[in-house]
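Participant: Following this message is one structure expressed as structure tokens.
The values are calculated or read from the model by the stated rules, or taken from the named source; none is laboratory data. Quick caveat, the model's predicted, so the values are computed rather than measured. Every residue, glycine among them, receives a Cβ derived from its backbone with ideal geometry; neighbour counts consider all protein chains shown.
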Amino acid sequence: MSVNTRLGLLIIISSPSGAGKSTLAKRLLADDNKISFSVSATTRAMRPREVEGKDYYFKTREEFQAMVAADQMLEHAEVFDNFYGSPLGPVSDAIHQGHDVLFDVDWQGGQQIRASNLRENVVSVFILPPSITELEARLKARGQDSAEVVAGRMAKSRDEISHWAEYDYVLVNEDLDACEAQLRAIVTAERLRRDRQPELMARVRALNTEYEELL
């Protein structure tokens, strides 16, 4: 890494379903070319129009389990009989090249990433709904889930929200535009932290040299 390249951030965004994390993640990615989305690995079958390495890294169960055993996954979980996880290699390469990587994961995935060897690069944000009534209304308004699925998501949301205090930042998504602005402010501030700017020492040395030349 050159002296002028900062280490990238691992930006974790979590929330209960319907609170807005996926929409916020898409907005952040659309307008900031310094951030890329973490491509997950999965053992489920490839769907039509999906592209290897863009939508997912498609693995057999044996390949996936071998990666887990070799500590090549930042986080992983089994969901509906399929494994999903974030491969360590591409993420590590990206942050050491100064690129930020965005993760849209649940609290369990967030815990695993924060416990990894890359934890010093993590910035975690939890998104809360303004109320439980509003959360349910948003889930119903999406019109993509049955009443049973909505009820299941609502039942799960209480446990998800209970992990809010594990995160560096907590935002209430009452107004999407305002919440997006707050999220962008967090990313900007984290990029500007002293310990994330390796070129500062060289700049200070240059200033001190100028002082000496003036004497």
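Participant: Consider Asn4 carefully, then state whether it is of a type outside the set (Ser, Thr, Tyr), assigned to a loop (DSSP other than H, G, I, E, B), closer than 30 Å to Met201 by Cα and at pLDDT 90 or above.
Facilitator: On the way: of a type outside the set (Ser, Thr, Tyr): yes; assigned to a loop (DSSP other than H, G, I, E, B): yes; closer than 30 Å to Met201 by Cα: yes; at pLDDT 90 or above: no.
Here the answer is no, as Asn4 does not meet what is asked.
Participant: If a residue has to be part of a loop (DSSP other than H, G, I, E, B) and buried (at least 19 other Cβ atoms within 10 Å of the Cβ) to count, how many in the range 7-59 make the cut? So that I can check it myself, show each step before the final result.
Facilitator: Pass one, the range 7-59, residues part of a loop (DSSP other than H, G, I, E, B): 7-9, 15-20, 32-34, 38-40, 43-51, 53-55, 59.
Next, only the ones that are buried (at least 19 other Cβ atoms within 10 Å of the Cβ) stay: 7-9, 15-20, 38, 40, 43.
Qualifying residue count, the range 7-59: 12.
Participant: Need a quick list: helices (runs of 4 or more DSSP H) entirely within the range 102-215 having at least 1 residues that are closer than 18 Å to Arg27 by Cβ and over 16 Å from the mean Cα position of the chain (by Cα). Walk me through it before giving the result.
Facilitator: Working: elements: 107-114, 132-142, 147-161, 176-191, 200-214.
Per the criteria, 132-142, 176-191.
Participant: Need the failing condition index for Gly110 against (1) at pLDDT 95 or above; (2) of a type outside the set (Asp, Glu); (3) surrounded by 19 or more Cβ atoms within 10 Å (Cβ to Cβ); (4) closer than 30 Å to Arg142 by Cβ, just the number.
Facilitator: (1)
Participant: Of the residues that sit in the range 79-96 and are part of a helix (DSSP H, G or I) and among the small types (Gly, Ala, Ser), which one is farthest from Thr60 (Cα to Cα)? Explain how you work it out, then say what you get.
Facilitator: Initial filter on the range 79-96 (part of a helix (DSSP H, G or I)): 88-96.
Checking the rest, the ones that are also among the small types (Gly, Ala, Ser) come to 89, 92, 94.
Working: Gly89: 18, Ser92: 23, Ala94: 25 Å.
Filtering the range 79-96 for residues that are part of a helix (DSSP H, G or I) and among the small types (Gly, Ala, Ser), the one farthest from Thr60 (Cα to Cα) comes out as Ala94.
Participant: Then there's this: Just name the residue that is surrounded by the most Cβ atoms within 10 Å (Cβ to Cβ) out of those in the range 164-195 that are over 24 Å from Arg138 (Cβ atoms) and without any contact (Cβ under 8 Å) to a residue 60 or more places away in the chain.
Facilitator: Per the criteria, the residue is Asp168.
Participant: Same structure, new question: Could you list, in sequence order, the residues of the range 60-70 that are loosely packed, with under 12 Cβ neighbours inside 10 Å and small (Gly, Ala, Ser)?
Facilitator: Within the range 60-70, Ala69, Ala70 qualify.
Participant: So, in the range 71-102, exactly how many residues are out of contact with any Asp or Glu (no Cβ under 9 Å at 6 or more places or on another chain), closer than 16 Å to Ile113 by Cβ, aliphatic (A, V, I, L, M) and exposed (fewer than 15 other Cβ atoms within 10 Å of the Cβ)?
Facilitator: 0
Participant: Cβ-Cβ distance below 6 Å, separation of 6 or more or different chains: which pairs start in the range 53-77 with a residue that is more than 17 Å from Pro90 (Cβ to Cβ) and end on one that is surrounded by 17 or more Cβ atoms within 10 Å (Cβ to Cβ) and at pLDDT 95 or above?
Facilitator: Short answer, once both residue conditions are applied: Arg61/Thr43.
Participant: Give the range 141-163 a look and list any residue that's of a type in the set (A, V, I, L, M, F, W, C) and without any contact (Cβ under 8 Å) to a residue 24 or more places away in the chain, or say none. First the steps, then the outcome.
Facilitator: Going residue by residue through the range 141-163, those that are of a type in the set (A, V, I, L, M, F, W, C) are 141, 147, 149-151, 154-155, 161.
Across the range 141-163, the qualifying residues are Ala141, Ala147, Val149, Val150, Ala151, Met154, Ala155.
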